[in-house]
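Here is the structure we will look at.
Read the figures in this text as sums done on the coordinates, not as results from a lab. It should be emphasised that the depicted structure is a prediction, and the values quoted were computed from it without experimental measurement. Note that each Cβ is placed from the backbone with ideal geometry, even for glycine, and that neighbours are counted across all protein chains shown.
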């Protein structure tokens, strides 16, 4: 096998096990909760903790790889992810499961960004598109196989094997990476350790406090103090970022209209969508009485629709432009998300599958548009900074989605007096996250009608306009 194919496939093993693991665990939440003696809604901590670990450690992954060597960090990150998987498999309560998921998140925050960095620095530009395709296809198979595989494992064996199946592929990836991944290094800039401490502790405290509200993990007053402390540290980081010449997360990038729309508007959309992997399996299993395998066979169709849309999205953007797609497609995708709450136990499977397939298509088109428009005005010299901030915002938004979805479910149960799993509570929850997702179009409507015309391939047809420019951050 040629190096142009071998390297992306080795890196794809890390992305595959991460994506498969994340989607497989969502399908098994009711069974995990039953065995650990907790409520299914409380397991949102296991999901949000993983995403929070990604948000905290992704910004430092590039610096660590340049400082200690990309191959060493990539192999070590897979090892950390596997250790976290073993901890999850051996967990005997909510606390130990959450701790194991945090360790997994630390490994995931390093192995995927570092692997992608190795690929970008090792492959010639003429071969880059082909190499990225070899990386993307296996990575997209993870979310497709995850719900079905997780459902089958939980139905016919035990949910703990979901974490153990990571071991053989992870060990194989470590061996191949040590043999074939180049040990790249780059000169490193001075690390913004104060910014890292402020942002990491602020996000950690705020997200933990929000996830703990109403769960009895600590007294209400203590929970409020934790949230306030987290918010205060986040504000302290904002002040720090304004005066530091090379902050960990460059907030001044939000002055670019297209980047602001992609990050802030995209975060609102992701909050809504991020609740889906948490709410949908619970509704299908607790509300409709399906087993995990049946649930997985239904939910995986959304990812199949997303894969199909990846092929045609560039042509759609070329035809209609970013602003029209981000507004109208975002509204349609949000309406379909809210419509999940209308499913009933007697809803035909073909209808649920059809709605989920369509939802996956529109959701994928929105994500493709959001991810692209964010970089329409960003020069190459600031691409790394923009990518780091966007990655953190993405993980925080997904974690907030799970938290908000859990709150909505709990509040609906208390207000209506219905038990967990009642379809009425899920209707309220999906309507809530659907409205939050739809709120993203308020940010998208502010874009110029021809924003990102060059990226959409519309500039040559006379659609290009001069985008507002922002001066680059002065160098220290």
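Annotations for the structure displayed:
- Relative to its Kirkwood radius, the Cα radius of gyration of the stretch 251-476 gives an Rg/Rh of 1.03.
- Cα pair count fraction exceeding 22 Å, expressed as % - the stretch 1-79: 43 percent
- Cα-Cα pairs of the stretch 339-385 separated by more than 13 Å (percent): 67 percent
- Cα-based Rg and Dmax for the stretch 193-243, where Dmax is the largest Cα-Cα distance (Å): 11.8, 40
- Along its principal axes, the stretch 370-448 has C-alpha extents of 55, 25, 14 angstrom, given from the largest down.
- Histogrammed with a bin width of 20 Å, the alpha carbon distances of the chain distribute as 23, 60, 16, 0 percent, first bin at zero.
- Once both labels are positioned 7 Å from their Cα atoms along Cα-to-Cβ, the gap between residue 304 and residue 344 label points is 2.6 nm.
- Rounded FRET efficiency, nearest 0.05, which uses the C-beta distance separating residue 186 from residue 156 and R0 of 45 Å: 0.40
- Residue-averaged 222 nm ellipticity for the chain, from DSSP H runs of 4+ at -39500 (n - 2.57), nearest 500: -24000 deg cm²/dmol
- Packing, as the average of other Cβ atoms within 10 Å across residues, places the peptides 230-241, 440-451 in the order 440-451, 230-241, highest first.
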